[in-house]
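One structure is given below, encoded as C-alpha coordinates.
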Amino acid sequence: MPDPIHRHPLSRRAVLGAGAMLAAPALLTRRADAAETCVVGTWGGDYARLLRENIDDPILKPRGIDVIQDVGDEIPRYTKLMAQHMLPHGTMDIACLGALNGYRATEAGLVEPLDSKKVPNLKHVLTYLDAPAFVPHIYSAQVIVHNTAITAPPQSFADLLDPKWNGKIGMVSTVAPWVMMGASLLESGTTTDFDKAKAFMLKLNANGLRLYPETDSLAPAFKSGEIDVAVIWLARSFMWQNAGVPVKGQFPKEGAILYVSGMVVPKNAPNKAAAFKYLNAVLQPQAQRGFAAHMGYLPTVDDAPLEGTVGEQLSFPQPRPKLVTPDYAVMSKAMSDLNDWWLKNIQHT
(Lines give C-alpha, C1' and ligand atoms only; values in the text may rest on other atoms or scores of the structure.)
Protein backbone atom coordinates (compact mmCIF):
# COMPACT_ATOMS: atom_id res chain seq x y z
CA MET A 1 0.00 0.00 0.00
CA PRO A 2 1.63 3.21 -1.09
CA ASP A 3 0.72 5.36 1.87
CA PRO A 4 3.43 7.79 2.95
CA ILE A 5 5.75 6.27 5.55
CA HIS A 6 8.34 7.52 7.99
CA ARG A 7 11.34 8.09 5.73
CA HIS A 8 14.77 8.12 7.30
CA PRO A 9 17.79 9.50 5.47
CA LEU A 10 19.85 6.82 3.80
CA SER A 11 23.03 5.96 5.62
CA ARG A 12 26.22 4.73 3.97
CA ARG A 13 25.60 1.38 5.66
CA ALA A 14 22.13 1.16 4.09
CA VAL A 15 23.50 1.90 0.64
CA LEU A 16 26.30 -0.63 1.02
CA GLY A 17 23.82 -3.14 2.36
CA ALA A 18 21.79 -2.76 -0.79
CA GLY A 19 24.77 -4.05 -2.70
CA ALA A 20 23.90 -7.46 -1.34
CA MET A 21 20.65 -7.20 -3.26
CA LEU A 22 22.32 -6.59 -6.60
CA ALA A 23 22.10 -10.25 -7.48
CA ALA A 24 18.67 -11.66 -6.70
CA PRO A 25 18.42 -14.42 -9.31
CA ALA A 26 15.47 -16.27 -7.86
CA LEU A 27 13.32 -13.14 -7.73
CA LEU A 28 14.39 -11.31 -10.83
CA THR A 29 15.20 -14.05 -13.34
CA ARG A 30 13.94 -12.95 -16.72
CA ARG A 31 11.98 -15.57 -18.57
CA ALA A 32 13.53 -16.67 -21.84
CA ASP A 33 10.16 -17.59 -23.34
CA ALA A 34 8.74 -14.05 -23.22
CA ALA A 35 9.15 -11.55 -26.03
CA GLU A 36 9.85 -8.85 -23.45
CA THR A 37 10.10 -8.71 -19.69
CA CYS A 38 9.58 -5.79 -17.38
CA VAL A 39 10.67 -5.97 -13.73
CA VAL A 40 8.58 -3.66 -11.56
CA GLY A 41 9.82 -2.76 -8.08
CA THR A 42 6.57 -2.25 -6.23
CA TRP A 43 4.76 -2.23 -2.92
CA GLY A 44 2.94 -5.47 -2.13
CA GLY A 45 -0.60 -6.12 -0.91
CA ASP A 46 -3.54 -4.49 -2.68
CA TYR A 47 -1.28 -2.27 -4.76
CA ALA A 48 0.61 -5.19 -6.31
CA ARG A 49 -2.63 -7.08 -6.87
CA LEU A 50 -4.27 -4.14 -8.60
CA LEU A 51 -1.23 -3.68 -10.82
CA ARG A 52 -1.68 -7.26 -11.97
CA GLU A 53 -5.44 -6.99 -12.39
CA ASN A 54 -5.54 -3.61 -14.14
CA ILE A 55 -2.23 -3.33 -15.98
CA ASP A 56 -0.04 -6.44 -16.10
CA ASP A 57 -2.57 -9.06 -17.20
CA PRO A 58 -5.19 -7.15 -19.24
CA ILE A 59 -2.92 -4.67 -21.06
CA LEU A 60 0.66 -5.91 -21.20
CA LYS A 61 0.34 -9.69 -21.24
CA PRO A 62 -1.60 -9.70 -24.55
CA ARG A 63 1.21 -7.58 -26.02
CA GLY A 64 3.82 -10.19 -25.16
CA ILE A 65 5.26 -8.34 -22.15
CA ASP A 66 5.92 -10.49 -19.11
CA VAL A 67 5.76 -8.43 -15.90
CA ILE A 68 7.79 -9.59 -12.91
CA GLN A 69 6.98 -7.90 -9.60
CA ASP A 70 9.86 -7.19 -7.22
CA VAL A 71 7.84 -6.60 -4.04
CA GLY A 72 9.24 -4.62 -1.11
CA ASP A 73 9.14 -1.39 0.86
CA GLU A 74 9.97 1.98 -0.65
CA ILE A 75 13.12 2.82 1.31
CA PRO A 76 14.96 -0.42 0.40
CA ARG A 77 13.82 0.09 -3.19
CA TYR A 78 15.23 3.62 -3.30
CA THR A 79 18.41 2.37 -1.64
CA LYS A 80 18.73 -0.33 -4.30
CA LEU A 81 18.27 2.30 -7.01
CA MET A 82 21.16 4.27 -5.55
CA ALA A 83 23.39 1.25 -5.01
CA GLN A 84 22.95 -0.06 -8.55
CA HIS A 85 23.26 3.18 -10.49
CA MET A 86 26.95 2.65 -11.41
CA LEU A 87 26.30 -0.82 -12.84
CA PRO A 88 25.84 -1.28 -16.61
CA HIS A 89 22.45 -2.84 -15.89
CA GLY A 90 20.36 -2.71 -12.75
CA THR A 91 17.71 -5.23 -11.70
CA MET A 92 14.60 -3.03 -12.12
CA ASP A 93 12.94 -1.61 -15.21
CA ILE A 94 10.40 0.33 -13.13
CA ALA A 95 10.72 1.57 -9.54
CA CYS A 96 7.54 2.63 -7.72
CA LEU A 97 8.18 5.63 -5.47
CA GLY A 98 6.33 8.42 -3.74
CA ALA A 99 6.74 11.81 -5.43
CA LEU A 100 9.28 12.98 -2.86
CA ASN A 101 11.64 10.09 -3.56
CA GLY A 102 10.86 10.47 -7.24
CA TYR A 103 12.15 14.03 -6.97
CA ARG A 104 15.25 12.89 -5.09
CA ALA A 105 16.00 10.21 -7.66
CA THR A 106 15.63 12.74 -10.47
CA GLU A 107 17.91 15.27 -8.79
CA ALA A 108 20.52 12.56 -8.19
CA GLY A 109 20.53 11.64 -11.87
CA LEU A 110 19.40 8.08 -11.19
CA VAL A 111 16.44 7.96 -13.56
CA GLU A 112 15.57 8.35 -17.22
CA PRO A 113 14.05 11.66 -18.39
CA LEU A 114 10.57 11.09 -19.83
CA ASP A 115 8.50 12.76 -22.52
CA SER A 116 5.48 12.02 -24.70
CA LYS A 117 7.66 10.46 -27.40
CA LYS A 118 8.70 7.74 -24.96
CA VAL A 119 5.38 7.61 -23.11
CA PRO A 120 2.57 9.02 -25.30
CA ASN A 121 -0.04 9.12 -22.53
CA LEU A 122 2.05 11.65 -20.61
CA LYS A 123 0.18 14.28 -22.62
CA HIS A 124 -2.87 13.48 -20.47
CA VAL A 125 -1.18 13.94 -17.07
CA LEU A 126 -2.73 16.72 -15.00
CA THR A 127 -0.52 19.80 -15.15
CA TYR A 128 -0.16 20.14 -11.37
CA LEU A 129 1.24 16.59 -11.19
CA ASP A 130 3.68 16.84 -14.09
CA ALA A 131 7.37 16.01 -13.45
CA PRO A 132 10.37 15.56 -15.77
CA ALA A 133 11.24 11.95 -14.92
CA PHE A 134 8.44 10.76 -12.63
CA VAL A 135 5.14 9.35 -13.88
CA PRO A 136 2.37 10.09 -11.36
CA HIS A 137 0.25 6.98 -11.09
CA ILE A 138 -2.34 7.81 -8.41
CA TYR A 139 -2.87 10.61 -5.93
CA SER A 140 -4.97 11.69 -3.00
CA ALA A 141 -5.50 14.74 -0.82
CA GLN A 142 -4.92 15.12 2.91
CA VAL A 143 -8.32 15.84 4.44
CA ILE A 144 -10.04 15.99 7.79
CA VAL A 145 -12.08 12.81 8.09
CA HIS A 146 -14.97 12.92 10.56
CA ASN A 147 -17.72 10.72 11.89
CA THR A 148 -20.86 11.40 9.85
CA ALA A 149 -22.87 11.76 13.07
CA ILE A 150 -21.06 15.04 13.76
CA THR A 151 -23.29 17.95 12.74
CA ALA A 152 -20.58 20.64 12.71
CA PRO A 153 -17.32 18.96 11.61
CA PRO A 154 -14.00 20.84 11.49
CA GLN A 155 -13.56 22.92 8.35
CA SER A 156 -9.89 23.72 8.89
CA PHE A 157 -6.83 22.62 10.79
CA ALA A 158 -7.51 25.63 13.02
CA ASP A 159 -10.81 24.09 14.16
CA LEU A 160 -8.93 21.09 15.57
CA LEU A 161 -7.73 23.29 18.44
CA ASP A 162 -11.30 23.64 19.72
CA PRO A 163 -11.53 22.03 23.19
CA LYS A 164 -14.60 20.06 22.08
CA TRP A 165 -12.25 17.78 20.13
CA ASN A 166 -10.02 17.13 23.12
CA GLY A 167 -8.90 13.51 23.03
CA LYS A 168 -10.98 12.85 19.91
CA ILE A 169 -8.43 13.59 17.15
CA GLY A 170 -6.51 10.76 15.53
CA MET A 171 -3.43 10.74 13.29
CA VAL A 172 -0.97 8.13 12.07
CA SER A 173 2.41 8.64 13.68
CA THR A 174 4.30 7.99 10.44
CA VAL A 175 2.84 10.85 8.37
CA ALA A 176 4.45 13.64 10.36
CA PRO A 177 5.89 15.62 7.40
CA TRP A 178 2.54 15.80 5.61
CA VAL A 179 0.67 16.89 8.73
CA MET A 180 3.39 19.48 9.35
CA MET A 181 2.94 20.81 5.82
CA GLY A 182 -0.79 21.12 6.48
CA ALA A 183 -0.11 23.03 9.69
CA SER A 184 2.34 25.30 7.88
CA LEU A 185 -0.23 25.97 5.16
CA LEU A 186 -2.73 27.08 7.79
CA GLU A 187 -0.32 29.31 9.69
CA SER A 188 1.64 30.89 6.81
CA GLY A 189 -0.02 30.09 3.47
CA THR A 190 3.06 28.06 2.47
CA THR A 191 4.00 24.44 3.09
CA THR A 192 7.49 25.17 4.41
CA ASP A 193 7.20 27.43 7.48
CA PHE A 194 8.15 24.68 9.87
CA ASP A 195 8.64 26.90 12.92
CA LYS A 196 4.98 27.93 12.76
CA ALA A 197 3.98 24.35 12.00
CA LYS A 198 5.80 23.10 15.10
CA ALA A 199 4.12 25.72 17.28
CA PHE A 200 0.71 24.65 15.94
CA MET A 201 1.41 20.97 16.46
CA LEU A 202 2.40 21.55 20.09
CA LYS A 203 -1.00 23.20 20.65
CA LEU A 204 -2.78 20.38 18.86
CA ASN A 205 -0.90 17.77 20.88
CA ALA A 206 -2.00 19.55 24.06
CA ASN A 207 -5.59 19.10 22.88
CA GLY A 208 -5.35 15.35 23.36
CA LEU A 209 -4.00 14.24 19.96
CA ARG A 210 -4.09 10.45 19.60
CA LEU A 211 -1.42 8.72 17.52
CA TYR A 212 -1.84 5.32 15.87
CA PRO A 213 0.88 3.06 14.49
CA GLU A 214 -0.68 2.55 11.06
CA THR A 215 -3.48 3.86 8.88
CA ASP A 216 -5.73 0.83 9.34
CA SER A 217 -5.76 1.45 13.10
CA LEU A 218 -7.93 4.53 12.62
CA ALA A 219 -10.99 2.66 11.31
CA PRO A 220 -11.68 0.69 14.53
CA ALA A 221 -11.00 3.87 16.51
CA PHE A 222 -13.80 5.58 14.57
CA LYS A 223 -16.10 2.59 15.00
CA SER A 224 -15.59 2.43 18.76
CA GLY A 225 -16.04 6.19 19.23
CA GLU A 226 -12.50 6.60 20.50
CA ILE A 227 -11.99 9.36 17.91
CA ASP A 228 -14.39 11.61 16.04
CA VAL A 229 -11.98 13.21 13.58
CA ALA A 230 -8.68 12.34 11.93
CA VAL A 231 -6.23 13.82 9.45
CA ILE A 232 -5.66 11.28 6.70
CA TRP A 233 -5.91 10.74 2.93
CA LEU A 234 -9.24 11.04 1.13
CA ALA A 235 -8.57 7.61 -0.42
CA ARG A 236 -8.73 6.01 3.01
CA SER A 237 -12.09 7.55 3.85
CA PHE A 238 -13.37 6.04 0.57
CA MET A 239 -12.19 2.56 1.58
CA TRP A 240 -13.64 2.92 5.08
CA GLN A 241 -17.00 4.12 3.75
CA ASN A 242 -17.20 1.04 1.56
CA ALA A 243 -16.37 -1.11 4.59
CA GLY A 244 -19.27 0.35 6.55
CA VAL A 245 -17.38 2.86 8.69
CA PRO A 246 -19.54 6.04 9.03
CA VAL A 247 -16.99 8.67 7.96
CA LYS A 248 -16.67 11.49 5.46
CA GLY A 249 -13.74 13.61 4.27
CA GLN A 250 -13.66 17.39 4.62
CA PHE A 251 -11.15 19.41 2.55
CA PRO A 252 -9.45 21.99 4.83
CA LYS A 253 -10.46 25.45 3.68
CA GLU A 254 -6.82 26.62 3.73
CA GLY A 255 -5.92 23.88 1.23
CA ALA A 256 -5.24 20.16 1.01
CA ILE A 257 -1.73 18.73 0.71
CA LEU A 258 -1.36 16.20 -2.13
CA TYR A 259 0.29 12.81 -1.86
CA VAL A 260 1.34 11.30 -5.19
CA SER A 261 2.52 7.76 -5.86
CA GLY A 262 4.26 7.06 -9.14
CA MET A 263 7.02 5.36 -11.08
CA VAL A 264 10.47 6.02 -12.52
CA VAL A 265 12.71 4.22 -15.01
CA PRO A 266 16.29 3.71 -13.77
CA LYS A 267 18.90 5.00 -16.21
CA ASN A 268 20.41 1.52 -16.34
CA ALA A 269 17.11 -0.34 -16.67
CA PRO A 270 17.73 -3.57 -18.63
CA ASN A 271 14.61 -3.13 -20.79
CA LYS A 272 13.70 0.51 -21.21
CA ALA A 273 11.44 -0.18 -24.18
CA ALA A 274 9.24 -2.44 -22.05
CA ALA A 275 9.38 0.08 -19.18
CA PHE A 276 8.05 2.87 -21.41
CA LYS A 277 5.21 0.61 -22.57
CA TYR A 278 4.44 -0.20 -18.94
CA LEU A 279 4.27 3.47 -18.00
CA ASN A 280 1.99 4.18 -20.94
CA ALA A 281 -0.32 1.38 -19.79
CA VAL A 282 -0.35 2.79 -16.25
CA LEU A 283 -1.82 6.02 -17.60
CA GLN A 284 -4.56 4.39 -19.69
CA PRO A 285 -8.09 5.35 -18.57
CA GLN A 286 -9.24 1.81 -17.74
CA ALA A 287 -6.21 1.22 -15.50
CA GLN A 288 -6.68 4.55 -13.76
CA ARG A 289 -10.37 3.88 -13.12
CA GLY A 290 -9.56 0.44 -11.75
CA PHE A 291 -7.36 1.87 -9.01
CA ALA A 292 -9.92 4.55 -8.18
CA ALA A 293 -12.72 2.00 -7.85
CA HIS A 294 -10.78 -0.26 -5.48
CA MET A 295 -8.46 2.07 -3.54
CA GLY A 296 -10.03 5.51 -3.78
CA TYR A 297 -6.95 7.16 -5.26
CA LEU A 298 -7.71 9.72 -7.95
CA PRO A 299 -6.71 9.39 -11.62
CA THR A 300 -3.68 11.45 -12.58
CA VAL A 301 -4.86 11.96 -16.17
CA ASP A 302 -7.48 14.16 -17.80
CA ASP A 303 -9.16 11.43 -19.85
CA ALA A 304 -10.36 9.07 -17.09
CA PRO A 305 -13.49 10.69 -15.62
CA LEU A 306 -15.03 8.78 -12.73
CA GLU A 307 -18.69 7.87 -12.93
CA GLY A 308 -21.42 6.32 -10.82
CA THR A 309 -20.96 5.73 -7.10
CA VAL A 310 -17.17 6.01 -7.32
CA GLY A 311 -17.47 9.35 -9.08
CA GLU A 312 -19.86 10.61 -6.41
CA GLN A 313 -17.66 9.48 -3.54
CA LEU A 314 -14.44 10.93 -4.97
CA SER A 315 -15.73 14.06 -6.68
CA PHE A 316 -14.31 17.38 -5.50
CA PRO A 317 -16.76 19.63 -3.67
CA GLN A 318 -17.76 22.92 -5.24
CA PRO A 319 -16.26 25.41 -5.22
CA ARG A 320 -13.23 23.29 -6.03
CA PRO A 321 -10.89 22.97 -3.02
CA LYS A 322 -7.36 24.30 -3.07
CA LEU A 323 -4.95 21.45 -3.84
CA VAL A 324 -1.36 22.06 -2.79
CA THR A 325 1.68 20.24 -4.16
CA PRO A 326 4.54 19.99 -1.64
CA ASP A 327 7.79 21.82 -2.25
CA TYR A 328 9.82 18.68 -2.81
CA ALA A 329 13.14 20.51 -2.98
CA VAL A 330 12.63 21.90 0.53
CA MET A 331 11.03 18.73 1.89
CA SER A 332 13.87 16.47 0.72
CA LYS A 333 16.24 18.50 2.92
CA ALA A 334 13.88 18.98 5.85
CA MET A 335 12.41 15.48 6.16
CA SER A 336 14.95 14.07 8.61
CA ASP A 337 14.77 17.06 10.97
CA LEU A 338 10.96 17.09 10.88
CA ASN A 339 10.76 13.40 11.72
CA ASP A 340 13.26 13.81 14.57
CA TRP A 341 11.37 16.79 15.99
CA TRP A 342 8.06 14.91 15.76
CA LEU A 343 9.53 11.87 17.47
CA LYS A 344 10.85 13.91 20.39
CA ASN A 345 8.02 16.41 20.82
CA ILE A 346 4.82 14.70 19.65
CA GLN A 347 5.19 10.96 19.47
CA HIS A 348 7.08 10.46 22.72
CA THR A 349 5.21 12.95 24.89
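General observations
- Built amide H within the under 5 Å cut-off of Gln155, gap 5+: none
- Projection of the Cα convex hull of region 62-144, averaged over all directions and equal to a quarter of that hull's surface, yields 7.6 nm².
- Phi angles of region 143-153 translate, via the Karplus equation with coefficients 6.51, -1.76, 1.60 and θ = phi - 60°, into HN-Hα couplings of 10, 9, 8, 9, 5, 5, 6, 6, 7, 10, x Hz per residue; Gly and Pro are given as x.
- Computed over region 128-236, the Cα gyration tensor eigenvalues convert (square root of 5λ each) into semi-axes of 24, 18, 12 Å, ordered from largest to smallest.
- Under 19 Å of direct C-alpha separation, and excluding same-chain neighbours fewer than eight residues apart, Lys198 reaches these lysines: Lys333, Lys344.
- Gain upon complete extension [Gln286, Met86; 0.36 nm per residue less C-alpha separation]: 68.3 nm
- Largest-first ordering by accessible area, 1.4 Å probe, given options Glu74, Glu214: Glu214, Glu74
- FRET efficiency estimate (nearest 0.05) - Cβ-Cβ, Ser315 to Lys123, R0 25 angstrom: 0.55
- Cross-link partners of Lys223 among lysines (Cα-Cα below 18 Å; sequence separation of 8 or more within a chain): Lys168, Lys248
- Amide H contacts for Val71 (H built 1.01 Å from N in the peptide plane; partners 5 or more residues away or on another chain; cut-off under 5 Å): Thr42.
- Bins of 5 Å from zero: percent of alpha-carbon pairs in region 166-221: 5, 21, 25, 23, 16, 8, 2
- Zone residues, region 253-285, relative to Ser116, backbone N less than 19 Å from point 7 Å out along Cα-to-Cβ: 276-285
- When you filter the trypsin sites (Lys or Arg not before Pro) in region 63-126 for DSSP loop state and at most 16 other Cβ atoms inside 10 Å of their Cβ, you are left with Lys117.
- Separation in nanometres of the label points that stand 7 Å from Cα toward Cβ, at Lys344 and Glu53: 4.5
- For region 53-65, 3J(HN,Hα) per residue [Karplus equation, 6.51 cos²θ - 1.76 cosθ + 1.60, θ = phi - 60°, Hz, x = Gly/Pro]: 6, 10, 10, 4, 6, x, 9, 8, 4, x, 8, x, 9
- Charge tally in the Cβ shell below 9 Å around Lys118, where Lys, Arg are +1 and Asp, Glu are -1, Lys118 excluded: 0
- Cα-projected label distance for Ala35 with Glu214, points at 7 Å along beta-carbon direction, nm: 4.0
- Calculated on C-alpha atoms, the gyration radius of the chain divided by its Kirkwood radius gives an Rg/Rh of 0.97.
- Inter-part distance where region 73-106 and region 316-349 are each reduced to a Cα centre, Å: 22
- Taking every C-alpha pair closer than 8 Å and separated by at least 6 residues, the mean separation divided by the residue count of region 47-157 gives a relative contact order of 16 percent.
- Mean separation of Cα pairs under 8 Å and 6 or more residues apart, divided by the residue count, gives the chain a relative contact order of 25 percent.
- Zero-based 5 Å bins, Cα pair distances in region 269-345, whole percents: 3, 12, 14, 13, 12, 15, 15, 11, 5, 0
- Taking amide H as placed 1.01 Å from N in the peptide plane, the amide H of Val172 sits under 5 Å from that of Tyr212, each at least 5 places away or on another chain.
- Across region 165-259, the relative contact order, built from alpha-carbon pairs under 8 Å that are at least six residues apart, equals 37 percent.
- R0 of 41 Å, Cβ-Cβ distance Asp46-Thr190: FRET efficiency to nearest 0.05: 0.75
- Cross-link pairs beyond the 23 Å C-alpha cut-off, checked among Lys203/Lys253; Lys164/Lys322; Lys80/Lys267; Lys61/Lys277; Lys196/Lys253; Lys203/Lys322: Lys164/Lys322; Lys203/Lys322
- GNM on the chain, alpha-carbon springs under 10 angstrom: the most fluctuating residue among Ile59, Ile68, Ile150 is Ile150.
- Subtracting the Cα-Cα distance of Ala329 and Asp162 from their residue separation scaled by 0.36 nm leaves 56.8 nm.
- Computed from phi, the 3J(HN,Hα) profile of region 299-304 under the Karplus parametrisation 6.51, -1.76, 1.60 (θ = phi - 60°) reads x, 9, 10, 8, 10, 10 Hz, with x in place of Gly and Pro.
The values are calculated or read from the model by the stated rules, or taken from the named source; none is laboratory data. The structure presented is a predicted model; accordingly, all values stated were derived computationally and were not measured. No Cβ is skipped: glycine too gets one built from the backbone with ideal geometry, and neighbour counts run over all protein chains shown. Heavy atoms of the whole protein, side chains included, go into the accessibility calculation; ligands, DNA and RNA do not. Shrake-Rupley method; radii C 1.70, N 1.55, O 1.52, S 1.80 Å.
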